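Notes follow the structure.
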Amino acid sequence: MPKRRQLPPSASVAQTAEDGRLFAPAADRNAHAITTALTRHAPKEGRALEIASGTGQHAVHLATALPGLDWYPSEIDPERRTSIDAYARAAALPNLHPALTLDATAPRWAATSQRFDLILVINLLHLISQAETLMLLSQARAALSPGGLLALYGPFLRQGRTTSQGDARFHASLRASDPEIGYKDADDLRGWLTERRLDIVSVEDMPANNLFFLARAPALTRPPEDWCQFTA
């Protein structure tokens with residue numbers, strides 16, 4: 001996750017395994033569904049950036065399923081970068097690169113980044129503030145290649161409401177730990193993507209009441225430099 005915030009214990013559950021690897025049960029449970037959904041839309045080749053890759057479990061699944069893409073996991077947390085790299089070494093996949101150090105909520109990181117044909121964000125937006133979410137979306141937009149795909153997976157409100165008692169409890173626990181964070185509304189996200197000239201390709205229902213937003217950048221030209229400063 002890009003910034004250290006006060007989170008409830010249920011927000012980031014990972015168990016320490018051998019060789020520096022961390023194991024998150026939730027990541028293990030949702031890896032197949034995410035990989036299946038993403039494979040339907042992802043480019044067959046190019047460069048892929050995973051923002052806030054966590055333990056590294058998803059990166060191995062995705063790099064295996066999409067071998068034509070060069071996968072670049074990223075994390076701000078050094079312990080999780082160690083875990084990502086341990087998973088990558090164990091998998092020995094030629095298209096899975098060492099973890100990048102990246103705070104995806106920081107301004108202007110896209111200005112010094114290479115372009116990516118796919119940028120993936122899993123289970124992050126509810127753990128950061130709205131201002132950080134807008135910065136992340138703007139920077140991701142600027143880092144996309146023409147025609148590149150932005151994929152966002154996680155829990156969302158629907159018209160201001162949670163969809164289950166479990167989601168209501170988790171959302172409330174997040175807000176109690178930090179009033180700036182919590183579930184974002186799906187309608188708000190649609191608007192934020194449209195404001196950044198990202199065409200929504202699909203919004204897919206996923207297990208455990210999650211949603212998968214897939215949005216594509218225009219296929220014409222690289223976005224202008226001022227996209228790196230766009231925050232609203």
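The values are calculated or read from the model by the stated rules, or taken from the named source; none is laboratory data. What you see is a predicted model, and the numbers here were worked out from it, not measured in a lab. Heads up, the Cβs are rebuilt from the backbone with ideal geometry, glycines too, and the neighbour counts pull from every protein chain shown. Remember, those area values only see protein heavy atoms, side chains included, never the ligands or the DNA or RNA. Shrake-Rupley method; radii C 1.70, N 1.55, O 1.52, S 1.80 Å.
Listed values, structure above:
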item: Of residues in the stretch 212-224 being surrounded by 19 or more Cβ atoms within 10 Å (Cβ to Cβ) and among the aliphatic types (A, V, I, L, M), the one nearest to Gly147 (Cα to Cα); result: Ala217
item: Test: residue in the stretch 110-124 that is more than 18 Å from Arg216 (Cα to Cα) and of a type in the set (Asp, Glu); result: no
item: Only listed residue being open to solvent by less than 10 Å² (accessible area, probe 1.4 Å) and out of contact with any strand residue (DSSP E or B) (no Cβ under 9 Å at 6 or more places or on another chain), chosen from Leu144, Leu150, Leu174, Leu134; result: Leu174
item: Subset tally (residues that are touching a residue at least 60 places away in the same chain (Cβ under 8 Å), on the phi < 0 side of the Ramachandran plot and surrounded by fewer than 20 Cβ atoms within 10 Å (Cβ to Cβ)) for the stretch 181-211; result: 6
item: Residue in the stretch 78-86 that is in contact with a strand residue (DSSP E or B) (Cβ under 9 Å, 6 or more places away or on another chain) and of a type in the set (S, T, N, Q) present; result: yes
item: Subset of the stretch 20-44 (residues that are part of a helix (DSSP H, G or I) and not small (Gly, Ala, Ser)); result: Pro25, Asp28, Arg29, Asn30, His32, Ile34, Thr35, Thr36, Leu38, Thr39
item: In the stretch 154-165, the residues that are within 30 Å of Glu45 (Cβ to Cβ) and open to solvent by 10 Å² or more (accessible area, probe 1.4 Å); result: none
item: Hey, Arg47 more than 23 Å from Asn210 (Cβ to Cβ), open to solvent by 10 Å² or more (accessible area, probe 1.4 Å) and either touching a residue at least 24 places away in the same chain (Cβ under 8 Å) or part of a helix (DSSP H, G or I) (or both) or not; result: yes
item: In the stretch 87-108, the residues that are open to solvent by 30 Å² or more (accessible area, probe 1.4 Å) and in a helix (DSSP H, G or I); result: Tyr87, Arg89, Ala90, Ala91
item: Ala37 among the hydrophobic types (A, V, I, L, M, F, W, C), closer than 22 Å to Leu102 by Cα and buried (at least 18 other Cβ atoms within 10 Å of the Cβ); result: no
item: Any hit, the stretch 153-161, residues being farther than 21 Å from Leu38 by Cβ and under 16 Å from the mean Cα position of the chain (by Cα); result: no
item: Single condition Ala59 does not satisfy, out of (1) crowded, with 24+ Cβ neighbours inside 10 Å; (2) assigned to a strand (DSSP E or B); result: (2)
item: Criterion (small (Gly, Ala, Ser), more than 28 Å from Ser173 (Cβ to Cβ) and modelled with pLDDT of 95 or more) met by exactly one of Ala65, Ala111, Ala37; result: Ala65
item: Meets criteria (assigned to a helix (DSSP H, G or I) and under 20 Å from Leu124 (Cα atoms)) for Glu79; result: yes
item: Residues that are among the β-branched types (Val, Ile, Thr) and either open to solvent by less than 10 Å² (accessible area, probe 1.4 Å) or on the phi > 0 side of the Ramachandran plot (or both), drawn from the stretch 109-120; result: Ile119
